[in-house]
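To start, the structure under review is shown below, and the notes come after it.
The values are calculated or read from the model by the stated rules, or taken from the named source; none is laboratory data. As the structure is a prediction and not an experimental result, all values here were calculated from the model. Note: ideal-geometry Cβ built from the backbone for every residue, glycine included; neighbour counts use all protein chains shown.
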Amino acid sequence: MSNFKRYLREKGFSIIEILLVVMIVGFITSLVLLLPSSIGLVGDSKSTALAKDIASRQMESLRAKGYDNLLGLRGPATNISDSRVSQLQSGSATFTISDCPIDICTNNEQIVKAIVAVNWKEKNQTKTVSLSTLIAKGGLQ
């Protein structure tokens, strides 16, 4: 009979076992709660990376054309024809060529300013990646 009484007294869980179970359940719960936001961030970064790549390649294309060929493109924004823009939700991409700002070109240097902008919607917010550079006649000197 004494063995049976000892069994009844020792039946149950120790405080360490209970704490361990609570910690494991808390860890699993936090993983489950953070997973959706982590997946969303991965999608956001893919869109941003794609937009940056589109803008960068277009800027390099404009630089390769050179100053003389860009003079005829001055004026309002021109749409960029890159098939990857359609991978961005409500995506659009433009470039603008304008004369060098007066505060930069104080001696009538032969320089144009190029701006490339890629826009898209993400979670009902408009996102933009914009690059700008100056392109001089004769290139870098």
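Here's the yes/no breakdown for (1) touching a Lys or Arg at 6+ places or on another chain (Cβ under 8 Å); (2) without any contact (Cβ under 8 Å) to a residue 60 or more places away in the chain; (3) of a type in the set (S, T, N, Q):
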residue: Ala49; (1), (2), (3): no, yes, no
residue: Lys52; (1), (2), (3): no, no, no
residue: Glu60; (1), (2), (3): no, yes, no
residue: Leu71; (1), (2), (3): no, yes, no
residue: Ile80; (1), (2), (3): no, yes, no
residue: Val85; (1), (2), (3): no, yes, no
residue: Ser90; (1), (2), (3): yes, yes, yes
residue: Asn107; (1), (2), (3): no, yes, yes
residue: Ala117; (1), (2), (3): no, no, no
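Looking only at residues that are basic (Lys, Arg), under 24 Å from Thr48 (Cβ atoms) and at pLDDT 85 or above in segment 114-141, which one is nearest to the chain's Cα centre (by Cα)? Reasoning before the result, please.
Within segment 114-141, the first condition is being basic (Lys, Arg), and the residues that meet it are 121, 123, 127, 137.
Next, from what is left, pick out any that are under 24 Å from Thr48 (Cβ atoms): 121, 123, 127.
Within this subset, residues satisfying the condition of being at pLDDT 85 or above are 121, 127.
On the way: Lys121: 12, Lys127: 9 Å.
My answer is Lys127.
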Practice item. Would you mind finding the one in Asp53, Asp103, Asp82 that is more than 30 Å from Lys121 (Cα to Cα) and of a type in the set (Asp, Glu)? Key: Asp103
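Considering only segment 90-141, how many residues are more than 23 Å from Leu71 (Cα to Cα), among the basic types (Lys, Arg) and part of a strand (DSSP E or B)?
Here is the first cut: in segment 90-141, the residues more than 23 Å from Leu71 (Cα to Cα) are 90-92, 119-129.
Adding the requirement that they be among the basic types (Lys, Arg) leaves 121, 123, 127.
Within this subset, residues satisfying the condition of being part of a strand (DSSP E or B) are 121, 127.
Qualifying residue count for the region: 2.
Quick check on Asn79: is it at pLDDT 90 or above, surrounded by fewer than 11 Cβ atoms within 10 Å (Cβ to Cβ), in contact with a strand residue (DSSP E or B) (Cβ under 9 Å, 6 or more places away or on another chain) and of a type outside the set (Lys, Arg)?
On the way: at pLDDT 90 or above: yes; surrounded by fewer than 11 Cβ atoms within 10 Å (Cβ to Cβ): yes; in contact with a strand residue (DSSP E or B) (Cβ under 9 Å, 6 or more places away or on another chain): yes; of a type outside the set (Lys, Arg): yes.
For Asn79, the condition - at pLDDT 90 or above, surrounded by fewer than 11 Cβ atoms within 10 Å (Cβ to Cβ), in contact with a strand residue (DSSP E or B) (Cβ under 9 Å, 6 or more places away or on another chain) and of a type outside the set (Lys, Arg) - is met.
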